[in-house]
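A.B. asks: Please see the structure below; I have some questions.
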Amino acid sequence: MDIYDIKNKIATTVFTHEMLSDILIKSFANVNEKISQMLKKEDIIRLKRGIYFFNPRYQTMPVDKISAANMLYAPSYISFEYALSYYGLIPERVYEVTSATLGLKKKYETPIGRFSYKKVSLKVFSIGVDWLYDDKLGGRLIATKEKALCDKLKSERKLGVLSQKKLWDYLLYDLRVEEYELFKLDINLLYEIAIAYNSKILKNLVLIIKKRKKNV
């Protein structure tokens, strides 16, 4: 079994030691030694201990950073700036892959970029998170637009308790979210997240969107 045979048996762009072992065990007596050889030859590249991706010369598509983020630190889901950029709510391209987690704050510098994680409470964690799945990338967890925006606002301590007008200005001129995009957000989901966070600023977000939407 050569590297191409191994690659053809792994559909996802990021994979674990266990996934690789399950394939190698049928052909190699010492699986860990084989994996060490693959690492030395740079056939596979380590993201962190036990998580790898194939050398780009064997890849048919770029490494999926959402999958990588989910695997690097679990449980977690993509959120904050990276999710907002992914959905096109903010115009900037975001290079640091940002996630929410139940664990402690964390950062990883990897061969494919920086990954950062901020803690959210268990009460908040599971609300407004989508499970994306396809045959090539596998399953991935990412915040909805509403959850990503709420996570972002709650993570910015400097915002304090903004008035509704100042909050609206922050959304339009600091984050540069288009007004029509804010009007498309699910108000009921925003309110559910605001209650889970027990957050005045998020409740104000719901109120200001409702008020502005009526006046359009």
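The values are calculated or read from the model by the stated rules, or taken from the named source; none is laboratory data. Treat the numbers as computed from the prediction; the structure is a model and nothing was measured. Counting neighbours? That spans all protein chains shown, and the Cβs are built from the backbone with ideal geometry, glycine included.
A.B. asks: Here are Leu89, Leu122, Leu72: which of them is assigned by TED's automatic domain parsing to the domain that holds Leu202, surrounded by fewer than 16 Cβ atoms within 10 Å (Cβ to Cβ) and touching a Leu at 6+ places or on another chain (Cβ under 9 Å)?
C.D. replies: Selected residue: Leu122, the only one of Leu89, Leu122, Leu72 that is assigned by TED's automatic domain parsing to the domain that holds Leu202, surrounded by fewer than 16 Cβ atoms within 10 Å (Cβ to Cβ) and touching a Leu at 6+ places or on another chain (Cβ under 9 Å).
A.B. asks: Then there is this: Would you confirm whether or not segment 97-108 contains a residue that is in contact with a strand residue (DSSP E or B) (Cβ under 8 Å, 6 or more places away or on another chain), part of a strand (DSSP E or B), modelled with pLDDT of 95 or more and more than 18 Å from Leu141 (Cβ to Cβ)?
C.D. replies: Looking through segment 97-108, at least one residue is in contact with a strand residue (DSSP E or B) (Cβ under 8 Å, 6 or more places away or on another chain), part of a strand (DSSP E or B), modelled with pLDDT of 95 or more and more than 18 Å from Leu141 (Cβ to Cβ).
A.B. asks: Could we say that Lys154 is exposed (fewer than 15 other Cβ atoms within 10 Å of the Cβ), basic (Lys, Arg) and without any contact (Cβ under 8 Å) to a residue 60 or more places away in the chain here? Walk me through how you get there before you give the answer.
C.D. replies: On the way: exposed (fewer than 15 other Cβ atoms within 10 Å of the Cβ): no; basic (Lys, Arg): yes; without any contact (Cβ under 8 Å) to a residue 60 or more places away in the chain: yes.
Spelling it out, it is not the case that Lys154 is exposed (fewer than 15 other Cβ atoms within 10 Å of the Cβ), basic (Lys, Arg) and without any contact (Cβ under 8 Å) to a residue 60 or more places away in the chain.
A.B. asks: Okay, next question. Take the residues in segment 40-83 that are among the hydrophobic types (A, V, I, L, M, F, W, C) and assigned to a loop (DSSP other than H, G, I, E, B); name whichever of them is nearest to Leu104 (Cα to Cα).
C.D. replies: That would be Ala74.
Residue-by-condition table, conditions (1) free of Cβ contacts under 8 Å to residues at least 24 places away in the same chain; (2) more than 26 Å from Arg93 (Cα to Cα):
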{"position": "Gly128", "(1), (2)": "no, no"}
{"position": "Asp134", "(1), (2)": "yes, no"}
{"position": "Val177", "(1), (2)": "no, no"}
{"position": "Lys200", "(1), (2)": "no, yes"}
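A.B. asks: When you go through (1) in a helix (DSSP H, G or I); (2) under 24 Å from the mean Cα position of the chain (by Cα) one by one for Lys203, which number turns out not to apply?
C.D. replies: Lys203 satisfies every listed condition except (2).
A.B. asks: Take Tyr95 and tell me if it is of a type in the set (Phe, Trp, Tyr) and in contact with a helix residue (DSSP H, G or I) (Cβ under 6 Å, 6 or more places away or on another chain).
C.D. replies: Judged against the criteria, Tyr95 is not a match.
A.B. asks: A follow-up question, please. So which residues in segment 37-52 are at negative phi and touching an Asp or Glu at 6+ places or on another chain (Cβ under 9 Å), if there are any at all? Talk me through it step by step, then tell me what you get.
C.D. replies: Taking segment 37-52 as the starting set, the residues that turn out to be at negative phi are 37-41, 43-49, 51-52.
Residue satisfying the conditions is Gln37 alone.
A.B. asks: Quick check on segment 2-25. Is at least one of its residues acidic (Asp, Glu) and under 19 Å from Arg140 (Cα atoms)?
C.D. replies: Yes; the residues of segment 2-25 include at least one that is acidic (Asp, Glu) and under 19 Å from Arg140 (Cα atoms).
A.B. asks: Sticking with this structure for a sec: Determine whether segment 14-36 contains at least one residue that is assigned to a loop (DSSP other than H, G, I, E, B), touching an Asp or Glu at 6+ places or on another chain (Cβ under 9 Å), surrounded by 13 or more Cβ atoms within 10 Å (Cβ to Cβ) and not assigned by TED's automatic domain parsing to the domain that holds Lys118.
C.D. replies: yes
A.B. asks: Determine which member of the set Leu39, Leu104, Leu84 is assigned by TED's automatic domain parsing to the domain that holds Ser155 and loosely packed, with under 14 Cβ neighbours inside 10 Å.
C.D. replies: Unique residue meeting the criteria: Leu104.
A.B. asks: Specify the residue that is surrounded by the fewest Cβ atoms within 10 Å (Cβ to Cβ); the eligible residues are those in segment 127-141 that are within 18 Å of Leu84 (Cα to Cα) and out of contact with any helix residue (DSSP H, G or I) (no Cβ under 6 Å at 6 or more places or on another chain).
C.D. replies: Result: Trp131.
A.B. asks: Give the residues of segment 171-190 that are in contact with an Asp or Glu (Cβ under 9 Å, 6 or more places away or on another chain), over 15 Å from Leu207 (Cα atoms) and part of a helix (DSSP H, G or I), sorted by residue number.
C.D. replies: Leu172
A.B. asks: Out of Ser99, Ser79, I need the residue that is assigned by TED's automatic domain parsing to the domain that holds Leu175, under 20 Å from Leu205 (Cα atoms) and crowded, with 21+ Cβ neighbours inside 10 Å. Which one?
C.D. replies: The conditions single out Ser79.
A.B. asks: I would also like to ask the following. Has segment 2-25 got at least one residue that is hydroxyl-bearing (Ser, Thr, Tyr), closer than 27 Å to Tyr86 by Cα and touching a Pro at 6+ places or on another chain (Cβ under 9 Å)?
C.D. replies: yes
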